[in-house]
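Just below is one structure, and these are the notes that go with it.
The values are calculated or read from the model by the stated rules, or taken from the named source; none is laboratory data. From a predicted model like this one, the values you see are computed outputs, not experimental measurements. Here Cβ is always computed from backbone atoms with ideal geometry, including for glycine, and neighbour counts include all displayed protein chains. When the accessible area is computed, the model is the full protein with side chains, heavy atoms only, and any ligands, DNA or RNA have been set aside. Shrake-Rupley method; radii C 1.70, N 1.55, O 1.52, S 1.80 Å.
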Amino acid sequence: DPGAAVLPSLNPWHAELVEALMLCGELEEAAATTAAIGAIATATGSEWAAALHLRCQGLTTAEPAEAATLLELAAARFGALRGTYEQALTLRHLAAALEAAGDVSAAQRVRRDGTELLARCG
C-alpha cells in the first residue's frame with residue numbers, strides 16, 4: 001500500500017532523516033521533512049506520527065526553550081504509546097536542548113531517565 005510506505009509508524013526513516021539533516025546543517029530540508037511528517041500525522045490521525053512530528057519540530061526550532069517544550073511533549077506521547085526506545089531517544093534530544101537553554105541539572109536528570117529507558121530496551 002503506497003500510503004503505508006509513508007506512515008512513520010511503519011517506516012520511521014522520516015524522523016531519522018530530520019536528525020541527520022540537522023547534523024549536516026541542512027536546516028531548510030530538515031524543516032521541509034518535518035512539515036511532511038506533520039502532514040502525514042494530520043492526514044492519517046496517527047498518534048505515533050504526531051509524536052514524531054513533535055520531536056522533529058523540537059529538533060528544527062532555533063529556540064532552546066521551545067525545543068525543550070516540544071521534545072518534552074514528544075517524550076510524553078511516546079511514553080503513553082509505550083514507545084520506549086523512541087521515548088528514550090527523544091529524552092536524549094531533550095537533555096541537549098535543556099543544556100542549550102542553560103538548565104544543566106535538568107539535562108542531567110533527563111539524560112539519566114533516557115539511559116534507564118534504553119537499558120529496559122535491552
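Cβ-Cβ distances below 6 Å connect the following pairs, each with a first residue in the stretch 97-122 that is free of Cβ contacts under 8 Å to residues at least 24 places away in the same chain, a second residue that is among the acidic types (Asp, Glu) and open to solvent by 30 Å² or more (accessible area, probe 1.4 Å), and a separation of six or more residues or different chains: Ala107/Glu99.
Candidates Glu72, Glu29: the one that is farther than 23 Å from Asp113 by Cα, open to solvent by 40 Å² or more (accessible area, probe 1.4 Å), assigned to a helix (DSSP H, G or I) and not hydrophobic (A, V, I, L, M, F, W, C) is Glu29. Whether a residue is without any contact (Cβ under 8 Å) to a residue 12 or more places away in the chain and part of a helix (DSSP H, G or I) was assessed, and Glu66 passes this test. Tallying residues that are of a type in the set (Gly, Ala, Ser) and either modelled with pLDDT of 95 or more or in contact with a strand residue (DSSP E or B) (Cβ under 6 Å, 6 or more places away or on another chain) (or both) within the stretch 52-67 yields 2. Looking at the stretch 91-114, is at least one residue hydroxyl-bearing (Ser, Thr, Tyr) and either closer than 20 Å to Glu19 by Cβ or open to solvent by less than 60 Å² (accessible area, probe 1.4 Å) (or both)? No; the residues of the stretch 91-114 include none that is hydroxyl-bearing (Ser, Thr, Tyr) and either closer than 20 Å to Glu19 by Cβ or open to solvent by less than 60 Å² (accessible area, probe 1.4 Å) (or both). When each of Arg120, Arg82 is tested for being at pLDDT below 95, out of contact with any strand residue (DSSP E or B) (no Cβ under 8 Å at 6 or more places or on another chain) and part of a loop (DSSP other than H, G, I, E, B), the lone residue that passes is Arg82. When the test is whether a residue is within 20 Å of Leu71 (Cβ to Cβ), in a helix (DSSP H, G or I) and at pLDDT 90 or above, Ala15 does not pass it. Restricting the stretch 54-66 to residues that are over 10 Å from the mean Cα position of the chain (by Cα) and not hydroxyl-bearing (Ser, Thr, Tyr), which is surrounded by the most Cβ atoms within 10 Å (Cβ to Cβ)? Checked the stretch 54-66; the qualifying residue surrounded by the most Cβ atoms within 10 Å (Cβ to Cβ) is Pro64.
Condition test on Leu21, is it modelled with pLDDT of 95 or more, buried (at least 18 other Cβ atoms within 10 Å of the Cβ), within 15 Å of the chain's Cα centre (by Cα) and part of a helix (DSSP H, G or I)? Answer is yes for this residue.
Mind checking whether some residue in the stretch 23-33 is touching a helix residue (DSSP H, G or I) at 6+ places or on another chain (Cβ under 9 Å) and within 20 Å of Gln87 (Cβ to Cβ)? No: zero hits.
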